Amino acid sequence: MDEKQYVVDALSVEESWRMFRIMAEFVDAFETLSKIHNAVTIFGSARVNPEDEYYRKAEQISYLLAKNGFNIITGGGPGIMEAANKGAAEGGGRSVGMNILLPFEQKPNPYANVHIDYKYFFIRKVMFVKYAVAYVILPGGFGTLDEFFEALTLIQTRRIKSFPVILMGSDYWEGLLDWLENTAQGEGKICAADLELIQVIDDPEEAVKYIKKYVIL
């Protein structure tokens, strides 16, 4: 066997073993999260500190949700994720941190009382939506937007059962919502019913009330 063929064969074996690593990560996640019921998944920026308005709101809504019988799932990192895990733990709920292994920025926060580490983003994304009864989305960047639009797409296309998708922080989201209404809907790329999938609620207590209307504990 020449050297080139050897390299090709080695790469082929590596790809085959990757499938088993993916399966193992799915199995670990299924086994852990199948025990977590009535979970609200909370998203937001990793780049906020405890003095930030939205850090405090994430902590407050998670605390209130935990007190009302819900558990909390986050990406397990700092910022909004840390605040949500902290609020859930202080409220007596299961506080799940689904940490993604990244070379920068993402480090697990100390407030999650259930930990899962992921190598693969796509597995983590499946788990976010599979075990959620609602999404609460606070100001964030690309990752937050990614999860927001994926949930809307899955609900719009009826690949999953509809659940509440709440944006918290109307000032932050105003420009995006204007674009969705005036450009995306205005040019016929989405319809009015698609926009009705989104709720904008700034007050944590009102957000909890809204979620409770749609979720039977």
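The values are calculated or read from the model by the stated rules, or taken from the named source; none is laboratory data. Not measured: the values here are computed from a predicted model. Cβ atoms come from the backbone with ideal geometry, glycine included; neighbour counts cover every protein chain shown.
In the stretch 47-79, the qualifying residues are those that are of a type in the set (Gly, Ala, Ser) and not in a loop (DSSP other than H, G, I, E, B), and the one that is farthest from Tyr214 (Cα to Cα) is Ala58. In the stretch 82-115, which residues are modelled with pLDDT of 95 or more, within 16 Å of Tyr131 (Cβ to Cβ) and under 14 Å from the mean Cα position of the chain (by Cα)? Matches in the stretch 82-115: Ala84, Asn85, Ser95, Val96, Gly97, Met98.
Looking across Asp194, Asp171, Asp178, one residue alone is surrounded by fewer than 18 Cβ atoms within 10 Å (Cβ to Cβ) and in contact (Cβ under 8 Å) with a residue 12 or more places away in the chain. It is Asp194.
Please tell me if Ala66 is within 14 Å of the chain's Cα centre (by Cα), of a type in the set (Gly, Ala, Ser) and either surrounded by fewer than 24 Cβ atoms within 10 Å (Cβ to Cβ) or at pLDDT below 95 (or both). No: the conditions fail for Ala66.
Within this structure, Gly140 passes the test of being under 26 Å from Gln60 (Cβ atoms), surrounded by 14 or more Cβ atoms within 10 Å (Cβ to Cβ) and either without any contact (Cβ under 8 Å) to a residue 60 or more places away in the chain or of a type in the set (Gly, Ala, Ser) (or both). When each of Gly92, Gly76, Gly97, Gly44 is tested for being of a type in the set (Gly, Ala, Ser) and more than 21 Å from Gly140 (Cα to Cα), the lone residue that passes is Gly92. For the stretch 143-168, residues that are in contact (Cβ under 8 Å) with a residue 40 or more places away in the chain, closer than 16 Å to Asp194 by Cβ and under 11 Å from the mean Cα position of the chain (by Cα) total 1. All of Gly79, Gly92 fail the test of being of a type outside the set (Phe, Trp, Tyr) and touching a helix residue (DSSP H, G or I) at 6+ places or on another chain (Cβ under 6 Å), apart from Gly92.
Conditions (1) crowded, with 22+ Cβ neighbours inside 10 Å; (2) part of a helix (DSSP H, G or I); (3) not β-branched (Val, Ile, Thr), marked per residue:
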position: Ala83; (1), (2), (3): yes, yes, yes
position: Gly93; (1), (2), (3): yes, no, yes
position: Asn99; (1), (2), (3): no, no, yes
position: Pro103; (1), (2), (3): no, no, yes
position: Pro108; (1), (2), (3): no, no, yes
position: Tyr111; (1), (2), (3): yes, no, yes
position: His115; (1), (2), (3): no, no, yes
position: Arg124; (1), (2), (3): no, yes, yes
position: Val133; (1), (2), (3): no, no, no
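Do the conditions hold for Leu176, that is, is it of a type in the set (A, V, I, L, M, F, W, C), closer than 19 Å to Ile211 by Cβ and at pLDDT 95 or above? It is false that Leu176 is of a type in the set (A, V, I, L, M, F, W, C), closer than 19 Å to Ile211 by Cβ and at pLDDT 95 or above.
Exactly one residue among Phe148, Phe163 is at pLDDT 95 or above, in a helix (DSSP H, G or I) and buried (at least 16 other Cβ atoms within 10 Å of the Cβ), and that residue is Phe148.
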